[in-house]
Amino acid sequence: MLNSEIQISRFTRSSIALLFGLWLSFNLAIPAQAHWADLAVADIQIDRQDVNINLTIPTGLVAQFDDDKNNQLSEAEIAKHQKDLQTFFNEKVQLTALRERSETLKIESTVAKKLPSNLIATPDTHSNLRLQYHWAQPISQLQLHYDLFIPGVNTARCLAQVANGDRLDNLVLTPTSKNVALIDAPILQQITSFIGLGIEHIWTGYDHILFLVSLLMLGGKLNYLIKVVSAFSLSHSITLSLAVLNIISVPSRWVEIIIALSIAYVAAENLWKKEPDLGRWKLAFGFGLIHGLGFSSALQELELPRDNLLVSLLSFSAGIEMGQIAIVLFTFVCLSYLRKLPGDLTIRRLISGGVIVMSLIWFWERAFVG
């Protein structure tokens, strides 16, 4: 009777682990590559008494003005709803200079000057608008309040480039960071902006997360895990920097394909290995070079100007490391608990099987569909 209960218990744990792995496969495979759907881009030009914002936003944010429901606002629709659009944007995109708020003078259709490649490839999801603001006096101490995000989507963001004379600044606006200075902006504002982007990139980069989890799945002492993660961090930092500085260039499609295969390989290793491999840090270093190229895409799409590229790069890298440390610590705690359970090896192998399924789905999408 006791042996029967033990077998049932083991079967239950194994079934739960398998179902969890399959659930991950089908629920994380698609979101891993759809960040562009909630992305907005703002090109902000500051003149003596005027500010022009070329804004590219998901049309779903202004769907009430899209009469023909073609997912783009036309010139006719903008003209028809001009007053309502002004009221809408006066609430969502507020500019204040010396505590004097400017009302939107005019909204018109425009062509985006510069967009990330993923938005260029999917033009039917976003609309391009020009917002024009004016003050009676020369502008100073200009502040922006931006609250134009898809409700309930934590990954929604607006990539803003601010041109003021010869100075160019790059900022990342998110639902938790809506207020920024546009004139004489402190360097800390840019640093925190890109640290946040780095953290968000790693926390929503499910393929990178699962690669890390697979690397650590066999467990081991903390000093061993630190060695493996340090090798991964060092290598991806190298290629991230080289790619952003345009020293090396690899087609992003091939990078994403190899990343998917790297996850499958490491997860497959976990199926036949019972204990940590002291040489796994070499594997982490090698595949980390490829993952660094994947990380670089977030900054390369911004086409950052050279004069503040280093600050943005270092801040973004710091954000990735902060996010990665949190993932590793959480994984370490979970694996430590798992190793105390009977049948932990079976559970880890079943989870690894689910990860293999997921990574092969990514491989198929990136190699033959995308």
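The values are calculated or read from the model by the stated rules, or taken from the named source; none is laboratory data. Since this is a predicted model, take the numbers as computed values, not measurements. Heads up, the Cβs are rebuilt from the backbone with ideal geometry, glycines too, and the neighbour counts pull from every protein chain shown. Surface accessibility is based on the protein's heavy atoms, side chains included, excluding ligands, DNA and RNA. Shrake-Rupley method; radii C 1.70, N 1.55, O 1.52, S 1.80 Å.
Every residue in segment 75-96 that is under 15 Å from Tyr146 (Cα atoms) and of a type outside the set (Ser, Thr, Tyr), please. Talk me through it step by step, then tell me what you get.
In the first step, residues of segment 75-96 are kept if they are under 15 Å from Tyr146 (Cα atoms); the result is 86-96.
Answer for segment 75-96, where residues must be under 15 Å from Tyr146 (Cα atoms) and of a type outside the set (Ser, Thr, Tyr): Gln86, Phe88, Phe89, Asn90, Glu91, Lys92, Val93, Gln94, Leu95.
Across segment 46-59, what is the number of residues that are within 15 Å of Ile107 (Cα to Cα), open to solvent by 10 Å² or more (accessible area, probe 1.4 Å) and not acidic (Asp, Glu)?
2
Take Ile356 and tell me if it is modelled with pLDDT of 90 or more, under 13 Å from Met217 (Cβ atoms) and touching a helix residue (DSSP H, G or I) at 6+ places or on another chain (Cβ under 7 Å). Steps first, answer last, please.
Details: modelled with pLDDT of 90 or more: yes; under 13 Å from Met217 (Cβ atoms): yes; touching a helix residue (DSSP H, G or I) at 6+ places or on another chain (Cβ under 7 Å): yes.
For Ile356, the condition - modelled with pLDDT of 90 or more, under 13 Å from Met217 (Cβ atoms) and touching a helix residue (DSSP H, G or I) at 6+ places or on another chain (Cβ under 7 Å) - is met.
Could you list, ordered by first residue, the pairs with Cβ atoms under 6 Å in which the first is in segment 69-81 and charged (D, E, K, R) and the second is open to solvent by 70 Å² or more (accessible area, probe 1.4 Å), at least 6 apart or interchain?
Taking only residues 6 or more apart or on different chains, the pairs are Glu77/Asp67.
Would you check which residues across segment 177-201 are closer than 19 Å to Ala40 by Cα and either without any contact (Cβ under 8 Å) to a residue 12 or more places away in the chain or basic (Lys, Arg) (or both) and list them?
Correct list: Lys178 only.
Output the number of residues of segment 182-196 satisfying the condition of being out of contact with any strand residue (DSSP E or B) (no Cβ under 6 Å at 6 or more places or on another chain), at pLDDT 90 or above and not in a helix (DSSP H, G or I).
Looking only at that region, the number is 0.
Of the conditions (1) free of Cβ contacts under 8 Å to residues at least 60 places away in the same chain; (2) buried (at least 18 other Cβ atoms within 10 Å of the Cβ); (3) assigned to a loop (DSSP other than H, G, I, E, B), Leu218 satisfies every one except a single condition; which number is it?
The single condition Leu218 does not satisfy is (1).
So Leu304 ticks every box in (1) assigned to a helix (DSSP H, G or I); (2) in contact with a strand residue (DSSP E or B) (Cβ under 7 Å, 6 or more places away or on another chain) but one. Which box is left unticked?
Checking Leu304 against (1) assigned to a helix (DSSP H, G or I); (2) in contact with a strand residue (DSSP E or B) (Cβ under 7 Å, 6 or more places away or on another chain), the one that fails is (1).
Taking the options Ile258, Ile248, Ile263, Ile199, name whichever one is within 23 Å of Pro305 (Cα to Cα) and assigned to a helix (DSSP H, G or I). Even if it seems obvious, please write down each step before you answer.
Working: Ile258 fails: within 23 Å of Pro305 (Cα to Cα); Ile248 fails: assigned to a helix (DSSP H, G or I); Ile263 fails: within 23 Å of Pro305 (Cα to Cα).
Sole residue among the options that is within 23 Å of Pro305 (Cα to Cα) and assigned to a helix (DSSP H, G or I): Ile199.
Which residues, taken from segment 149-158, are surrounded by fewer than 20 Cβ atoms within 10 Å (Cβ to Cβ) and touching a Leu at 6+ places or on another chain (Cβ under 8 Å)?
Ile150, the sole residue that qualifies.
Go over the candidates Gln132, Gln161 one by one and state the one that is under 16 Å from Leu55 (Cα atoms) and surrounded by fewer than 19 Cβ atoms within 10 Å (Cβ to Cβ). So that I can check it myself, show each step before the final result.
Working: Gln161 fails: surrounded by fewer than 19 Cβ atoms within 10 Å (Cβ to Cβ).
The conditions single out Gln132.
Does segment 274-288 include one or more residues that are at pLDDT 90 or above and either among the aliphatic types (A, V, I, L, M) or not in a helix (DSSP H, G or I) (or both)? Full working, then the answer.
From segment 274-288, those at pLDDT 90 or above are 281-288; that's our starting set.
Then keep just the ones that are either among the aliphatic types (A, V, I, L, M) or not in a helix (DSSP H, G or I) (or both); that gives 283-284.
Yes, segment 274-288 contains at least one residue that is at pLDDT 90 or above and either among the aliphatic types (A, V, I, L, M) or not in a helix (DSSP H, G or I) (or both).
In segment 250-289, which residues are open to solvent by 40 Å² or more (accessible area, probe 1.4 Å) and of a type in the set (Asp, Glu)?
Result: Glu256, Glu275, Asp277.
Could you tell me which residue of segment 333-364 is farthest from Tyr206 (Cα to Cα), considering only residues that are touching a Gly at 6+ places or on another chain (Cβ under 9 Å), part of a helix (DSSP H, G or I) and open to solvent by 40 Å² or more (accessible area, probe 1.4 Å)? First the steps, then the outcome.
If we filter segment 333-364 for residues that are touching a Gly at 6+ places or on another chain (Cβ under 9 Å), which is where we start, we get 335-336, 338-339, 344, 348, 350-358.
Next, from what is left, pick out any that are part of a helix (DSSP H, G or I): 335-336, 338, 344, 348, 350-358.
Right, trim to open to solvent by 40 Å² or more (accessible area, probe 1.4 Å) and you get 336, 350, 357.
Details: Ser336: 22, Leu350: 19, Val357: 14 Å.
Applying the filter and picking the extreme gives Ser336.
Go through (1) hydrophobic (A, V, I, L, M, F, W, C); (2) open to solvent by less than 60 Å² (accessible area, probe 1.4 Å); (3) out of contact with any Ser or Thr (no Cβ under 7 Å at 6 or more places or on another chain) and name the single condition Ala79 misses.
(2)
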